[in-house]
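Peer 1: Take this structure first; my questions come after.
The values are calculated or read from the model by the stated rules, or taken from the named source; none is laboratory data. Since the model is a prediction, treat every value here as computed from it, not as a measurement. Here the Cβ is made from the backbone with ideal geometry for all residues, glycine too, and neighbour counts use every protein chain on show. Areas reflect the complete protein model, heavy atoms only, side chains present, ligands, DNA and RNA absent. Shrake-Rupley method; radii C 1.70, N 1.55, O 1.52, S 1.80 Å.
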Amino acid sequence: MSSDVGQQHPLALYFWIWGLLFVISAGSYLIDFFQVGYDVGTMELRWALILVFMFLKAGYIVAVFMHLKWERLALIYALLLPPGVLMVLVGLMAWEADYTWLTRVVYFGAEVAPQPAPVEHVIH
């Protein structure tokens, strides 16, 4: 009889990644707590930092805790390539959105920055 032993990873690796996830999460929460990027010009900075932290956490979780780091390269490509392509396509659509909106404004002749409609006060 043969006893096959599975591959085991040192617990220190998991503790280091857990600590790193804690630090990244704390950074993400501190961005919201200190209201980083709440004026008009830096709102994109706030969301960019939150998204970077989110992708870092997801990457560490998938790589280490879901053992994708130790899988074959073909499986890694099969799992990560389709979402990567979708992210590129979503980015291209977001990049093109202003152009599409501007061409509609020019075609339909609407104002570039229309005034908001007046808000009716509702009496309860």
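Peer 1: Which condition number does Q35 fail, the rest of (1) at pLDDT below 90; (2) within 14 Å of the chain's Cα centre (by Cα) being met?
Peer 2: Looking at each condition in turn, Q35 falls short on (2).
Peer 1: Separate question: Answer yes or no as to whether D4 is in a loop (DSSP other than H, G, I, E, B), at pLDDT below 85 and among the charged types (D, E, K, R).
Peer 2: On the way: in a loop (DSSP other than H, G, I, E, B): yes; at pLDDT below 85: yes; among the charged types (D, E, K, R): yes.
Answer is yes for this residue.
Peer 1: If I ask for residues that are modelled with pLDDT of 90 or more and open to solvent by 100 Å² or more (accessible area, probe 1.4 Å), which ones from segment 7-32 would you list?
Peer 2: Correct list: F15, W16, W18, F22, Y29.
Peer 1: With the requirement that a residue be closer than 23 Å to L13 by Cβ and surrounded by 11 or more Cβ atoms within 10 Å (Cβ to Cβ), what does segment 71-83 give you? Break it down into steps so the answer makes sense when it comes.
Peer 2: Initial filter on segment 71-83 (closer than 23 Å to L13 by Cβ): 71-73, 75-76, 79-80.
The answer is E71, I76, L79, L80.
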